[in-house]
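A short write-up of the structure that comes next.
The values are calculated or read from the model by the stated rules, or taken from the named source; none is laboratory data. Model, not experiment: these values are computed from the prediction. We place every Cβ from the backbone using ideal geometry, glycine too, and count neighbours over all the protein chains shown. Ligands, DNA and RNA are excluded from the accessible area calculation, which covers all protein heavy atoms including side chains. Shrake-Rupley method; radii C 1.70, N 1.55, O 1.52, S 1.80 Å.
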Amino acid sequence: MNVIKNRNDKGRPPKAATEQHKYKITVRFATADYFSLKAKARAAGMTLSDYLRSTLSASVVRERLQPSHLRLIAQLTGMANNLNQIARRANAAGYIPVRGEYLHLADEMDNVIRMIRE
């Protein structure tokens, strides 16, 4: 039995399956966007594909705000308006009489901010 030897055994070793670029995504750009992207890749000394890959891997995508978060933000906005009214009264009547209202509102605002962060 004759064993056929690979004639190209001095070439580049094959890439691992995780390093191979097997998937293709088609994206459409407006002319200005395309040439801007191409110029950025050229300035970075990269191919367009490599530039897009590095940009995608370095980017951070944040999830959309939940409806509950939007309600809490609206509530916080109302509290900020109340705080502004307390500040006006403090300037007119003095700081001591409105101190209790301010402290109570500040605690409520802290609670709302904690709920947003959760």
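Points worth noting:
- If the condition is being more than 24 Å from the chain's Cα centre (by Cα) and surrounded by fewer than 10 Cβ atoms within 10 Å (Cβ to Cβ), then the stretch 33-58 contributes Ala43, Gly45.
- Residue match in the stretch 83-91 (condition: modelled with pLDDT under 90, open to solvent by less than 100 Å² (accessible area, probe 1.4 Å), among the charged types (D, E, K, R) and part of a helix (DSSP H, G or I)): no
- Taking the stretch 92-118 as the range and being open to solvent by 70 Å² or more (accessible area, probe 1.4 Å) and outside any helix (DSSP H, G or I) as the test, only Glu118 passes.
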